[in-house]
Amino acid sequence: MLYSEKVMDHFRNPRNVGEIENADGVGEVGNAKCGDIMKIYLKIENDIITDVKFNTFGCGSAIASSSMATEMIKGKPISEALELTNKAVAEALDGLPAHKLHCSVLAEEAIKAAIKDYYDRNGIEYDHSLFPEESCAHCHE
Ligand code: FES
């Protein structure tokens, strides 16, 4: 079996799908190679991510990764969300096939982009090294 049960579960019943009106931060990233796009919306109160939703126009692994990633950052402080790596997301899904790992990178990058958007909108100082320029360096396709 190529995909774990968790991947199939999150793919079939993705959590937190949709949009948040008046979101505090929105991040959109695309994968230049496959053309898939992921958009994440965050509601933030006192540094806590109180709500998160996503829309993905992408493959099943991208949907499963976004679903899992949103579950992992909901209710967490921004600092913890910033530490979420695509590896942690893939592990939480009980693994992704090697050629699908880049799909989970999309989730990590979209969350970071949404947090950066929140910081920018509110004029909050941040460490720019936390937000490397979007690149597809991770994609090995
Ligand atoms: Fe593009 Fe999965 S193939 S994100």
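Taken over the range 1-12, the residue count meeting the criterion of being surrounded by fewer than 14 Cβ atoms within 10 Å (Cβ to Cβ), in a helix (DSSP H, G or I) and hydrophobic (A, V, I, L, M, F, W, C) is 0. Scanning the range 13-24 for residues that are assigned to a loop (DSSP other than H, G, I, E, B) and over 21 Å from Phe131 (Cα atoms) yields Asn13, Pro14, Arg15, Asn16, Gly18, Glu19, Ile20, Glu21, Asn22.
Determine whether Lys87 is among the basic types (Lys, Arg), more than 11 Å from the ligand (Cβ to nearest atom) and over 10 Å from the mean Cα position of the chain (by Cα). Yes: the conditions hold for Lys87.
Kindly indicate whether Glu125 is assigned to a loop (DSSP other than H, G, I, E, B) and among the acidic types (Asp, Glu). Answer is yes for this residue.
Of note, Asp24 does not satisfy the criterion of being among the acidic types (Asp, Glu) and on the phi > 0 side of the Ramachandran plot. When Asp36 is tested against (1) at pLDDT 95 or above; (2) within 15 Å of the ligand (Cβ to nearest atom), exactly one condition is not met: (1). Being within 14 Å of Phe11 (Cβ to Cβ) and within 13 Å of the ligand (Cβ to nearest atom) is the filter here; which residues of the range 94-106 pass it? Selection gives Leu96, Pro97, Lys100, Cys103, Ser104.
Consider the range 79-93 and keep the residues that are touching a residue at least 24 places away in the same chain (Cβ under 8 Å) and surrounded by fewer than 20 Cβ atoms within 10 Å (Cβ to Cβ). The one that is farthest from Met8 (Cα to Cα) is Ser79. Looking across the range 99-119, just one residue is surrounded by fewer than 20 Cβ atoms within 10 Å (Cβ to Cβ), more than 14 Å from Val7 (Cα to Cα) and modelled with pLDDT under 95, and that is His99. On inspection, Ser67 does not qualify as under 19 Å from Asn13 (Cβ atoms), within 15 Å of the ligand (Cβ to nearest atom), touching a Leu at 6+ places or on another chain (Cβ under 6 Å) and of a type in the set (Gly, Ala, Ser).
Applying the selection to the range 31-55, what residues are in contact (Cβ under 8 Å) with a residue 40 or more places away in the chain, more than 12 Å from Ala114 (Cβ to Cβ) and surrounded by 16 or more Cβ atoms within 10 Å (Cβ to Cβ)? Asn31, Cys34, Asp36 - these are the residues of the range 31-55 that are in contact (Cβ under 8 Å) with a residue 40 or more places away in the chain, more than 12 Å from Ala114 (Cβ to Cβ) and surrounded by 16 or more Cβ atoms within 10 Å (Cβ to Cβ). Inside the range 72-97, residues that are in a helix (DSSP H, G or I), within 20 Å of Glu28 (Cβ to Cβ) and not small (Gly, Ala, Ser) make up a count of 6.
Within the range 78-104, the set of residues being out of contact with any strand residue (DSSP E or B) (no Cβ under 9 Å at 6 or more places or on another chain) and under 14 Å from Phe131 (Cα atoms) comprises Ser79, Leu82, Glu83, Leu84, Thr85.
The values are calculated or read from the model by the stated rules, or taken from the named source; none is laboratory data. Predicted model only: the values in this text are computed from it and were never measured. With ideal geometry, Cβ positions are generated from the backbone for all residues, glycine too; neighbour counts draw on all protein chains shown.
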